[in-house]
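Presented below is the structure to which this report refers.
The values are calculated or read from the model by the stated rules, or taken from the named source; none is laboratory data. None of the values given here were measured: they were computed from a predicted structure. Glycine gets a Cβ as well: all are built from the backbone with ideal geometry, and neighbour counts include every protein chain shown. The protein model used for the area step is the full one, side chains on, heavy atoms only, and it has no ligands, DNA or RNA in it. Shrake-Rupley method; radii C 1.70, N 1.55, O 1.52, S 1.80 Å.
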Amino acid sequence: MPEQQIRLSISGMSCAGCVAAAEEALKGVPGVATATVNFAEHAAMVKGTASAEQLIAAVTRAGYGAAALRGVDDEAEKEATEQAHYHRLLRNTLVAGLIGVPLFLGGMSGLLPPVATSAGQLFWLLTGLATLAVLIYAGGHFFTGAWKSFRNHNANMDTLIALGTGSAWVYSMAVVLFPGSVPSLAQHAYFEAAVIIIALINLGSALEVRARGKTSEAIKRLIHMQPKTARVVRDGRELDLPIDQIGLDETLRVRPGERIAVDGAVIEGRSTVDESMLTGEPQPVKKQAGDEVTGGTINKAGTFLFQARRIGNDTVLAHIIEMVRQAQSSKPAIGRLADRVASVFVPVVLIIAVVTFLAWYNFGPQPWGGFALVTTMTVLIIACPCALGLATPMSIMVGVGKAAEYGVLIRNGDALQQAGRLTTVILDKTGTVTEGRPGVTTLLLASGWNEPHLLRMAAGVESGSEHPLAQAVLDAAQERGISVPQVTDFEAVAGHGVRGTVDGKHVLFGNRRFMADNGIHPGEFEGKAAALAAQAETPIYAAVDGYIAGIVSVADPVKPDSRQAVARLRAAGITVVLLTGDNRATAVAVARQVGVEEVIAEVMPEEKDTKVAELQARGEIVGMAGDGINDAPALARADVGFAIGTGADIAIESADITLMRGSLHGVADAIGISNATVRNIKQNLFGAFVYNSIGIPVAAGVLYPFMGILLNPMVAGAAMAMSSLTVVSNANRLRLFNPQEVNR
């Protein structure tokens, strides 16, 4: 069976401890290569040869529910399920509150009868039965989850809550039924504490679910960009059909204001298209016959017909959704550390709770039973590891979504974490710093040659090449109406030039080194070539039958925003290096235009990878931005590879981050978002660790001998709920972050 990627929705997870259990269950399935569970999204991403049925069975055996997510409809169903869960939690809160709050207020005001009297015993017995019903209705999922966890030899948040509230109810009922068996000071029922804790935790979970939904707004917006229907032209008739009924090469019509259904090419008409969902660039792009259009983008003014080229999961929008989803589900190193801590957290808390009980039972003041119960229950309730489990994935989800808004597609969490640590960024020249659409600017002729003849020879030999400079020469010949002859015996020498036979003559077309390797001296043209290179042009020598015929000079204009983007990188303290196979004089001229001080020029394609490794060996954390096939090894070698989205597919596949709009501002944006996200994660983790580090000892009663302070279990429940909500709210602050306001 071929390797596939399966995404599962997982229900029943209550804390980060569940993440470890679910991941362990998935990784134990034969054929699973990698499995990552995202607590914030309640989903898993699994790669391997195992089937969805095998994975679901493994998760079910571990005590959780699972279902495969296959498309937009499944996502909508998952969203509806979460909404239903949110409303159920609110109902649970209301029911528990209706019983708990009157009991709490009555106890505080002294209106409730004492347990030891006959009337009091009947009242508290009925109260106990009522609170039992509430625990079953509003808190039953905690007890069910704890039992499933116990059966699978795990412990999680449900374990802590079930033990805390359950022990409070059992103790209280024992006091009601057998009041004479405990000292008079210990004759107190804690029914109100149990149900109010259930109410507070349900309320906290409901607020968390609502806030958590906001973190996935980016992926929801992307999914909603996919139209449900499209207008298809069949047999001369225009039909509105569901999107899944559109086939390849079908003709579709797009009217003003409509979203384009699938990827294709315009065959008739013209318009402007808003591609901001792809690039983050608000300026509409003109489209006419022959231009490509992308599904999910918005047609503005005109109407046109286009032919479907990519449909279903092959569209650019589908790939973007998948890439964003993968990145949101991945974990950076800092997140994996938090998960390891969380996986042992609950067992440690249970040990602390036992020690707390024994300490108060054996050394505490009267009523020792009441003190032991209250402190143990408080420790169990306050020590929920939810905040710890949410700290990283919530921030990753928002950060990756924020990056997508700016046309920056991040492949994994490690890339997001690493981007903010970069000390050096290497920029390829052609297509990265420059437009990548060079044009012929100057023709210098040797004696006996004219421009049409020189261009004919140059275009003829370059007709066998795929290099951007070759296309510039061919375009120049076409513009002048020069017919391009056939080339035979063609050979491309990487980083040097091309050779072949044109019109029966042996033609060489390349750089100074190429000429020298073939025993040809440029003579007077060497100085002229240097002058052209100093103006950021690339002079290409042409030799026919062993003699220089002239120079064809090509210039690739610098992108308008490259200088500003480089300035942003340098303002962030990053060293910027220009790396190119072009001659040094041209490279230095381009570097001067954009504000780059360090230049590595005349580099062979296979040497780019080596240059990255050399910088890494010096202790630099290196980012590499490029768009060509020859950049792929260097992009893969770099600590973070940035692929220009307008470039070659192999470059995009080799990179960690794809810049959809082809602007170097995307590199600066990615670094800014990385810094903000990692800072947010650290804030969340710090808050979670501080909360537990302070909360657990206080709950255990360490302040009581010195200050007489004991923490109320209900306050512990509220604090636990608020800790998770604080983490989620802090992560959502990232949605307001604008990377383009930083270092600009």
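Inclusion of VAL59 among residues that are in contact with a helix residue (DSSP H, G or I) (Cβ under 9 Å, 6 or more places away or on another chain) and part of a helix (DSSP H, G or I) is warranted.
Among the numbered conditions (1) part of a loop (DSSP other than H, G, I, E, B); (2) open to solvent by 50 Å² or more (accessible area, probe 1.4 Å), the only one that GLY495 does not meet is (2). Across segment 73-93, the qualifying residues are those that are open to solvent by less than 70 Å² (accessible area, probe 1.4 Å) and touching a strand residue (DSSP E or B) at 6+ places or on another chain (Cβ under 9 Å), and the one among them that is modelled with the lowest pLDDT is ASP74.
In segment 473-488, of all residues being among the charged types (D, E, K, R) and over 41 Å from the mean Cα position of the chain (by Cα), the one that is most open to solvent (accessible area, probe 1.4 Å) corresponds to GLU479. Just need a number here: residues in segment 577-595 that are open to solvent by less than 10 Å² (accessible area, probe 1.4 Å) and not in a helix (DSSP H, G or I). The total comes to 4. Entry remark, segment 334-375: residues being modelled with pLDDT of 80 or more, within 40 Å of the chain's Cα centre (by Cα) and among the hydroxyl-bearing types (Ser, Thr, Tyr) number 0 in total.
The residue pairs whose first member lies in segment 432-446 and is under 25 Å from GLN564 (Cβ atoms), whose second member is open to solvent by 30 Å² or more (accessible area, probe 1.4 Å) and in a strand (DSSP E or B), and whose beta carbons are closer than 6 Å, counting only pairs six or more residues apart or on different chains, are THR434/VAL558. A Cβ distance below 7 Å, combined with a sequence gap of six or more or placement on separate chains, defines the contacts here; from segment 102-128, residues that are touching a residue at least 12 places away in the same chain (Cβ under 8 Å) reach residues that are of a type in the set (Asp, Glu) and open to solvent by less than 70 Å² (accessible area, probe 1.4 Å) in the pairs LEU103/GLU192; PHE104/GLU192; GLY107/GLU192. Cβ-Cβ contacts under 6 Å between residues 6 or more apart (or on different chains), taken from a first residue in segment 47-64 that is touching a residue at least 40 places away in the same chain (Cβ under 8 Å) and open to solvent by 50 Å² or more (accessible area, probe 1.4 Å) to a second residue that is outside any helix (DSSP H, G or I) and polar (S, T, N, Q), are listed as LYS47/GLN5; LYS47/THR34.
Determine if segment 217-228 includes at least one residue that is more than 23 Å from GLU41 (Cα to Cα), assigned to a loop (DSSP other than H, G, I, E, B), touching a helix residue (DSSP H, G or I) at 6+ places or on another chain (Cβ under 7 Å) and modelled with pLDDT of 80 or more. Among the residues of segment 217-228, at least one is more than 23 Å from GLU41 (Cα to Cα), assigned to a loop (DSSP other than H, G, I, E, B), touching a helix residue (DSSP H, G or I) at 6+ places or on another chain (Cβ under 7 Å) and modelled with pLDDT of 80 or more, which makes the answer yes.
Residue check: PHE178 meets all listed conditions (1) open to solvent by 40 Å² or more (accessible area, probe 1.4 Å); (2) farther than 25 Å from ILE351 by Cα; (3) at pLDDT below 80; (4) not aliphatic (A, V, I, L, M) but one, namely (3).
Considering segment 364-447, the qualifying strands (runs of 3 or more DSSP E), each wholly inside and each with 2 or more residues that are of a type outside the set (S, T, N, Q) and open to solvent by 10 Å² or more (accessible area, probe 1.4 Å), run over 439-445. Is it fair to say GLY464 is within 20 Å of GLY439 (Cα to Cα) and open to solvent by less than 60 Å² (accessible area, probe 1.4 Å)? It is true that GLY464 is within 20 Å of GLY439 (Cα to Cα) and open to solvent by less than 60 Å² (accessible area, probe 1.4 Å).
Results for (1) more than 19 Å from SER447 (Cβ to Cβ); (2) under 48 Å from the mean Cα position of the chain (by Cα), shown as yes or no for each residue.
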| position | (1), (2) |
| --- | --- |
| ARG499 | yes, yes |
| VAL502 | yes, no |
| VAL507 | no, no |
| ARG512 | yes, yes |
| MET515 | no, no |
| PRO522 | no, no |
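Tell me whether segment 307-329 contains one or more residues that are touching a residue at least 60 places away in the same chain (Cβ under 8 Å), in a helix (DSSP H, G or I) and closer than 28 Å to MET720 by Cα. Yes, there is a match, as at least one residue in segment 307-329 is touching a residue at least 60 places away in the same chain (Cβ under 8 Å), in a helix (DSSP H, G or I) and closer than 28 Å to MET720 by Cα.
Remark: pairs (first residue in segment 21-39, surrounded by 15 or more Cβ atoms within 10 Å (Cβ to Cβ); second residue basic (Lys, Arg) and part of a helix (DSSP H, G or I); Cβ separation under 6 Å; 6+ apart in sequence or on different chains) = ALA35/LYS27. Restricting attention to segment 100-117, the residues that are in contact with a Gly (Cβ under 9 Å, 6 or more places away or on another chain) and open to solvent by 60 Å² or more (accessible area, probe 1.4 Å) add up to 2. Taking GLY641 as the residue in question, decide whether it is at pLDDT 85 or above, surrounded by 24 or more Cβ atoms within 10 Å (Cβ to Cβ), under 20 Å from LEU317 (Cβ atoms) and not hydroxyl-bearing (Ser, Thr, Tyr). When the stated conditions are applied, GLY641 does not pass them. Would you check which residues across segment 416-444 are among the small types (Gly, Ala, Ser) and modelled with pLDDT under 85 and list them? Result: GLY431, GLY436. Could you list, in sequence order, all residues of segment 576-620 that are free of Cβ contacts under 8 Å to residues at least 60 places away in the same chain, touching a Ser or Thr at 6+ places or on another chain (Cβ under 7 Å) and of a type in the set (A, V, I, L, M)? The answer is ALA601, and nothing else.
Within segment 706-724, the residues that satisfy the criterion of being among the hydrophobic types (A, V, I, L, M, F, W, C), open to solvent by 30 Å² or more (accessible area, probe 1.4 Å) and closer than 24 Å to ALA688 by Cβ are ILE709, LEU710, LEU711, VAL715, ALA718, ALA719, MET722. Restricting segment 289-315 to residues that are of a type in the set (A, V, I, L, M) and surrounded by fewer than 19 Cβ atoms within 10 Å (Cβ to Cβ), the residue that is nearest to MET397 (Cα to Cα) is ILE298.
Within the span defined as segment 582-594, one or more residues are of a type in the set (Ser, Thr, Tyr), modelled with pLDDT under 85 and out of contact with any Lys or Arg (no Cβ under 6 Å at 6 or more places or on another chain). Return yes or no: is ALA470 surrounded by 18 or more Cβ atoms within 10 Å (Cβ to Cβ) and either at positive phi or modelled with pLDDT of 90 or more (or both)? The answer is no for ALA470. In this structure, does LEU160 turn out to be modelled with pLDDT under 80 and assigned to a helix (DSSP H, G or I)? Yes, satisfied.
Residue by residue, here is whether (1) exposed (fewer than 15 other Cβ atoms within 10 Å of the Cβ); (2) within 47 Å of the chain's Cα centre (by Cα); (3) over 23 Å from VAL374 (Cβ atoms); (4) among the acidic types (Asp, Glu) holds:
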| position | (1), (2), (3), (4) |
| --- | --- |
| ALA119 | yes, no, yes, no |
| LEU132 | no, yes, no, no |
| ALA168 | no, yes, no, no |
| TYR171 | no, no, no, no |
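Looking at segment 660-703 only, could you name the residues that are touching a strand residue (DSSP E or B) at 6+ places or on another chain (Cβ under 6 Å) and crowded, with 24+ Cβ neighbours inside 10 Å? The answer is GLY666, VAL667, ASP669, ALA670. Looking at ALA472, is it in a helix (DSSP H, G or I), of a type in the set (Gly, Ala, Ser) and in contact (Cβ under 8 Å) with a residue 60 or more places away in the chain? Yes; evaluated as a whole, the condition is true for this residue.
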